[in-house]
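A.B. asks: What follows is a single structure, and I will ask about it in a moment.
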Amino acid sequence: MFKIATIHKFLFLIFGVVLFSCNSTEPVIKQESVHGKSVETIVEMMTLSEKVGQMTQAGRNYLVDEADIKNLFLGSLLSGGGSAPGTNEPNSWADMLDRYQGFATETRLGIPLIYGIDAIHGHNNVVGATIFPHNIGLGATGNPDLAKEIARITAKEVRATGINWTFDPCVANSRDERWGRAYESYGEDPALISALGRAQVEGYQGTSLSSPEAIAACTKHFIGDGAPTWGTGSGGKIDRGDAQISEAELRGLHLPPYRAAIQAGTATIMASYNSWNSLKLHGHKYLMTDLLKGELGFEGFIVSDWAAIDELPGNYKSDIIESINAGVDMVMVPGNTSNGGTGYREFITKLKQAVNEGSIEISRIDDAVTRILNVKKQMGLLDSLYSNDRSLIASIGSPEHRSVARQAVRESVVMLKNEDVLPLSKELSTLVVAGRGADDVGMQCGGWSIAWQGGMGDITPGTTVLEGIQETVSPATQVVHSPDGLAASSGDAVIVVVGEEPYAEGHGDRDDLVLSSEDIAVLNRVKDSGKPMVVVLLSGRPIIVTDELENADAFLAAWLPGTEGNGITDVIFGDYTPTGKLSVTWPTDMSQIPINVGDVNYTPLFSVGYGLTY
Ligand code: GLC
């Protein structure tokens, strides 16, 4: 597809010269290559329309006409959660990217797109990709080297589809377990978050952003996304809420991971939806410009969150003026927006108006475009023709990649209780496997998996806990799958897999972190059988299981492990001795929430750092 674009461009040039020499009335856009030119020179060459285009990131599924990429000089597109081509398989993704880049490189300057996607626990939008544990599980591993390797693998699978930018790592310090994004946080300790966030920036970007297996990172969400007070949310009860904390707490708990990510060279940073003491981050010049770009010396570019500028007070035009002047360099513009914005076409029109009327200085525009083009320069996008190495497609979901994911699952499992029942023998006569999570890859993966909100069931190739058990026990062992637990009494032991159904962002804000009545019924039924009971909890955060723990003989917190559920069974049968340690505090009951290390009355069920071993 791309080769056609090259020939097309060559013919376009020939045709254009012939046409021009025939005294045509239509001036042909003369392509001026930017190859080998400095960013400063390129910015000087650019028209206002070309500059504003580079600052615009349109949602791909909101493109009114794909030719807008060329005609409006768009600098970036994104796939929001679940925004996939018609057929969700790697070659279709690569075809789509080649098509989009074909339009971008037909412009006068031929500057390729930087294309963003939420590859936050693997290339999780793509069916067949390796899906790793969510961040709360990586926090339990406490292993930066593993986190870096996961990012490196993810980058390879992302590049295989032609995409070159991920909106990750999320370095939120989640202070309230009720937040629907708690699982996107590595934990409560800023030092751990900094170490894992740095490692993943390094893994995504490699030693050179121009490497064919590197992608640009996007450390997010700056700043205080995990700090809001319950009940102040605009995206849910707490999501996108107001962080009502001192500057000392903001700097102490939430800023260190950005220092670490900047030291690691993060190419981009995403601004956060939340407010700090009632002022929205997307309009906060002190935090985005004075602190992040000034004091911390961040030289990459700041991208807004999804239609986040619309949540600023005022109309869409004033939102644009306020956010750009505050320090946003690229605006993520999906389709019709909450306050009547009609998307990227309107954004571009109003941004140019703002510049022409003097509401935004051209120096601010030039600074934003310089930052964006500096990143594209580091990525090699300005000095060579866009290419998409499809040979990497074979690596997507490969056994080697899944083996690393399985190791990550092993190291993420936290054993909360074990009354001498684990490890289980592989030679049991009969093993009953119960619970709605026993055979469900979708429940293992959680949100941001194939679809934005994730989904229960067989959403993508992987190994369920049940399949992990079946491939581990001896041929003589009878494995009985009994989701409702009614067959419990037939077993020598029972493994029960329960937990949370998938969710993302504000949709996961909950003030009742308890198991479903269905899960509790199964647990009680198995308890009544009198058989040894091993509970596996699939959840994006600590759940109130104080009573259930009493009834269990062993209890494993497996978080949201992703596609490789056999990492859990490796722990159950002793092929891996549990090493996972809590990176978040585990409350006794809802009245304790929020509860974090450092609180005056810190009497949780389990503290940060807790985890049993054999
Ligand atoms: C979402 C999230 C952000 C994500 C972006 C693009 O609303 O807040 O984490 O990167 O939009 O999908």
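A.B. asks: What do you reckon, is TYR100 within 14 Å of the chain's Cα centre (by Cα) and of a type in the set (Phe, Trp, Tyr)? Before the answer, list the steps.
C.D. replies: Details: within 14 Å of the chain's Cα centre (by Cα): no; of a type in the set (Phe, Trp, Tyr): yes.
So TYR100 fails the test.
A.B. asks: Check ARG259 against each of (1) in contact (Cβ under 8 Å) with a residue 60 or more places away in the chain; (2) charged (D, E, K, R); (3) part of a loop (DSSP other than H, G, I, E, B) and name the one condition it does not meet.
C.D. replies: (3) is the only condition that ARG259 fails.
A.B. asks: Here is a list: GLY203, GLY162. Which entry is within 24 Å of ASP305 (Cα to Cα) and either in contact with a Lys or Arg (Cβ under 6 Å, 6 or more places away or on another chain) or within 16 Å of the ligand (Cβ to nearest atom) (or both)? Steps first, please.
C.D. replies: Values: GLY162 fails: either in contact with a Lys or Arg (Cβ under 6 Å, 6 or more places away or on another chain) or within 16 Å of the ligand (Cβ to nearest atom) (or both).
Going through GLY203, GLY162 in turn, just one is within 24 Å of ASP305 (Cα to Cα) and either in contact with a Lys or Arg (Cβ under 6 Å, 6 or more places away or on another chain) or within 16 Å of the ligand (Cβ to nearest atom) (or both): GLY203.
A.B. asks: Related question: If we scan segment 445-452, do we find a residue that is touching an Asp or Glu at 6+ places or on another chain (Cβ under 7 Å), closer than 30 Å to PHE167 by Cβ and in the same structural domain as GLU564 (by TED's automatic domain parsing)? Steps first, answer last, please.
C.D. replies: Step one: filter segment 445-452 for residues touching an Asp or Glu at 6+ places or on another chain (Cβ under 7 Å), giving 448.
Filter once more, keeping what is closer than 30 Å to PHE167 by Cβ: 448.
Filter again for in the same structural domain as GLU564 (by TED's automatic domain parsing), leaving 448.
Yes, segment 445-452 contains a residue that is touching an Asp or Glu at 6+ places or on another chain (Cβ under 7 Å), closer than 30 Å to PHE167 by Cβ and in the same structural domain as GLU564 (by TED's automatic domain parsing).
A.B. asks: Let me ask another. Provide a single number: the residues in segment 255-287 that are out of contact with any Cys (no Cβ under 8 Å at 6 or more places or on another chain), within 16 Å of the ligand (Cβ to nearest atom) and over 20 Å from ASP239 (Cβ atoms). It would help to see each step written out before you state the result.
C.D. replies: Of segment 255-287, the ones out of contact with any Cys (no Cβ under 8 Å at 6 or more places or on another chain) are 255-265, 271-287.
Pick out the ones that are also within 16 Å of the ligand (Cβ to nearest atom) and you get 257-258, 261, 271-275, 280-282.
Imposing the further condition that a residue be over 20 Å from ASP239 (Cβ atoms) reduces the set to 258, 261.
Here the count works out to 2.
A.B. asks: Select from segment 40-65 the residues that are of a type in the set (Asp, Glu) and at pLDDT below 95 and list them in ascending order.
C.D. replies: Within segment 40-65, the first condition is being of a type in the set (Asp, Glu), and the residues that meet it are 40, 44, 50, 65.
Residue satisfying the conditions is ASP65 alone.
A.B. asks: Right, something else. If you go through segment 140-163, how many residues are touching a strand residue (DSSP E or B) at 6+ places or on another chain (Cβ under 6 Å) and under 23 Å from THR585 (Cβ atoms)?
C.D. replies: Here the count works out to 1.
A.B. asks: What number of residues within segment 374-423 satisfy the criterion of being among the hydrophobic types (A, V, I, L, M, F, W, C), in a loop (DSSP other than H, G, I, E, B) and surrounded by fewer than 16 Cβ atoms within 10 Å (Cβ to Cβ)? First the steps, then the outcome.
C.D. replies: As a first pass, look at segment 374-423 and keep what is among the hydrophobic types (A, V, I, L, M, F, W, C): 375, 379, 381-382, 385, 392-394, 396, 404-405, 408-409, 413-416, 421-422.
With the extra rule that they be in a loop (DSSP other than H, G, I, E, B), the set shrinks to 379, 381-382, 385, 396, 413, 421-422.
Next, only the ones that are surrounded by fewer than 16 Cβ atoms within 10 Å (Cβ to Cβ) stay: 385, 421.
Residues meeting the conditions: 2.
A.B. asks: Only one of GLY142, GLY128, GLY137 is over 18 Å from THR563 (Cβ atoms) and among the small types (Gly, Ala, Ser); which? Break it down into steps so the answer makes sense when it comes.
C.D. replies: Numbers: GLY128 fails: over 18 Å from THR563 (Cβ atoms); GLY137 fails: over 18 Å from THR563 (Cβ atoms).
Every option except GLY142 fails the conditions.
Condition check ((1) in a helix (DSSP H, G or I); (2) among the charged types (D, E, K, R); (3) under 15 Å from the mean Cα position of the chain (by Cα)) across all residues:
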residue	(1), (2), (3)
GLY128	no, no, no
GLY137	yes, no, yes
ARG152	yes, yes, yes
LYS156	yes, yes, no
ASP176	no, yes, no
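For every residue, the table says whether it meets (1) within 16 Å of the ligand (Cβ to nearest atom); (2) part of a loop (DSSP other than H, G, I, E, B).
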site	(1), (2)
THR87	no, yes
ALA94	no, no
GLY110	no, yes
ILE120	yes, yes
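A.B. asks: Could you go through segment 433-450 and let me know if any residue there is away from the ligand (no atom under 16 Å from the Cβ), over 29 Å from VAL158 (Cβ atoms), in contact (Cβ under 8 Å) with a residue 60 or more places away in the chain and not in a loop (DSSP other than H, G, I, E, B).
C.D. replies: yes
A.B. asks: Given the options GLY142, GLY102, name the one that is at positive phi and either more than 15 Å from the ligand (Cβ to nearest atom) or in the same structural domain as ILE450 (by TED's automatic domain parsing) (or both).
C.D. replies: Values: GLY102 fails: at positive phi.
Selected residue: GLY142, the only one of GLY142, GLY102 that is at positive phi and either more than 15 Å from the ligand (Cβ to nearest atom) or in the same structural domain as ILE450 (by TED's automatic domain parsing) (or both).
A.B. asks: Filter segment 183-196 down to the residues that are crowded, with 24+ Cβ neighbours inside 10 Å and either within 14 Å of the ligand (Cβ to nearest atom) or in a loop (DSSP other than H, G, I, E, B) (or both) and list them by number. Break it down stepwise before answering.
C.D. replies: First pass over segment 183-196, keeping only residues crowded, with 24+ Cβ neighbours inside 10 Å: 183-187, 193, 196.
Matches in segment 183-196: TYR183, GLU184, SER185, TYR186, GLY187.
A.B. asks: Given GLY485, GLY508, which one is over 29 Å from TRP179 (Cα atoms), surrounded by 19 or more Cβ atoms within 10 Å (Cβ to Cβ) and modelled with pLDDT of 95 or more?
C.D. replies: On the way: GLY508 fails: over 29 Å from TRP179 (Cα atoms).
Sole residue among the options that is over 29 Å from TRP179 (Cα atoms), surrounded by 19 or more Cβ atoms within 10 Å (Cβ to Cβ) and modelled with pLDDT of 95 or more: GLY485.
A.B. asks: Here is a list: ASP575, ASP553. Which entry is in the same structural domain as VAL498 (by TED's automatic domain parsing), closer than 20 Å to VAL526 by Cα, touching a residue at least 24 places away in the same chain (Cβ under 8 Å) and over 28 Å from the mean Cα position of the chain (by Cα)? Talk me through it step by step, then tell me what you get.
C.D. replies: Details: ASP575 fails: closer than 20 Å to VAL526 by Cα.
Residue meeting the stated conditions: ASP553.
A.B. asks: Under 7 Å by Cβ, and 6 or more places apart or on different chains, what pairs join a residue from segment 520-547 that is in contact (Cβ under 8 Å) with a residue 12 or more places away in the chain and polar (S, T, N, Q) with one that is surrounded by fewer than 23 Cβ atoms within 10 Å (Cβ to Cβ) and part of a helix (DSSP H, G or I)?
C.D. replies: SER529/SER489
A.B. asks: Answer yes if at least one residue in segment 327-344 is surrounded by fewer than 17 Cβ atoms within 10 Å (Cβ to Cβ), in a helix (DSSP H, G or I) and touching a residue at least 24 places away in the same chain (Cβ under 8 Å), and no otherwise.
C.D. replies: Taking segment 327-344 and keeping what is surrounded by fewer than 17 Cβ atoms within 10 Å (Cβ to Cβ), we get 335-336, 338-340, 342.
Restricting the remaining residues to those that are in a helix (DSSP H, G or I) gives none.
No, there is no match, as no residue in segment 327-344 is surrounded by fewer than 17 Cβ atoms within 10 Å (Cβ to Cβ), in a helix (DSSP H, G or I) and touching a residue at least 24 places away in the same chain (Cβ under 8 Å).
A.B. asks: Just checking, which of LYS293, LYS237 is out of contact with any Pro (no Cβ under 6 Å at 6 or more places or on another chain) and either closer than 20 Å to MET332 by Cβ or not assigned by TED's automatic domain parsing to the domain that holds ASP168 (or both)? Walk me through it before giving the result.
C.D. replies: Numbers: LYS237 fails: either closer than 20 Å to MET332 by Cβ or not assigned by TED's automatic domain parsing to the domain that holds ASP168 (or both).
Within the list LYS293, LYS237, the selection yields LYS293.
A.B. asks: Counting only residues that are within 16 Å of the ligand (Cβ to nearest atom) and of a type in the set (Gly, Ala, Ser), which one in segment 228-237 is surrounded by the most Cβ atoms within 10 Å (Cβ to Cβ)?
C.D. replies: GLY233
A.B. asks: A further question on this structure: Filter segment 82-97 down to residues that are of a type in the set (Gly, Ala, Ser) and touching a residue at least 12 places away in the same chain (Cβ under 8 Å) and give me whichever is farthest from GLU505 (Cα to Cα).
C.D. replies: We begin by selecting, within segment 82-97, every residue of a type in the set (Gly, Ala, Ser); these are 82-84, 86, 92, 94.
Cutting the leftovers down to touching a residue at least 12 places away in the same chain (Cβ under 8 Å) gives us 82-84, 94.
Values: GLY82: 14, SER83: 16, ALA84: 20, ALA94: 28 Å.
Among residues in segment 82-97 that are of a type in the set (Gly, Ala, Ser) and touching a residue at least 12 places away in the same chain (Cβ under 8 Å), the one farthest from GLU505 (Cα to Cα) is ALA94.
A.B. asks: Could you please tell me which pairs satisfy a Cβ distance under 7 Å, a separation of 6+ or placement on different chains, a first residue in segment 145-156 that is under 14 Å from GLN205 (Cβ atoms), and a second residue that is surrounded by fewer than 22 Cβ atoms within 10 Å (Cβ to Cβ) and of a type in the set (D, E, K, R)?
C.D. replies: Cβ pairs passing all conditions: LYS148/GLU202; ALA155/GLU213; LYS156/GLU213.
A.B. asks: Here is a further query. Return the residue satisfying two criteria in turn: it lies in segment 238-297 and is of a type in the set (Ser, Thr, Tyr) and in contact with a helix residue (DSSP H, G or I) (Cβ under 8 Å, 6 or more places away or on another chain), and of such residues it is surrounded by the most Cβ atoms within 10 Å (Cβ to Cβ).
C.D. replies: Just the residues of segment 238-297 that are of a type in the set (Ser, Thr, Tyr), to begin with: 246, 258, 266, 268, 272-273, 275, 278, 286, 289.
Right, trim to in contact with a helix residue (DSSP H, G or I) (Cβ under 8 Å, 6 or more places away or on another chain) and you get 258, 266, 268, 272-273, 275, 289.
Details: TYR258: 22, THR266: 26, THR268: 24, SER272: 29, TYR273: 25, SER275: 23, THR289: 19.
In this case the residue turns out to be SER272.
A.B. asks: Follow-up. Collect the residues in segment 295-318 that are more than 16 Å from the ligand (Cβ to nearest atom), among the charged types (D, E, K, R) and farther than 30 Å from ALA264 by Cβ, keeping them in residue-number order.
C.D. replies: Once the filter is applied, which keeps residues that are more than 16 Å from the ligand (Cβ to nearest atom), among the charged types (D, E, K, R) and farther than 30 Å from ALA264 by Cβ, segment 295-318 yields only LYS317.
A.B. asks: Take THR107 and tell me if it is within 27 Å of ALA260 (Cα to Cα) and β-branched (Val, Ile, Thr).
C.D. replies: On the way: within 27 Å of ALA260 (Cα to Cα): no; β-branched (Val, Ile, Thr): yes.
No: the conditions fail for THR107.
The values are calculated or read from the model by the stated rules, or taken from the named source; none is laboratory data. All of these numbers come straight from a predicted model, not from anything done at the bench. Ideal geometry is used to build each Cβ from the backbone, glycine not excepted, and the neighbour counts take in all protein chains shown.
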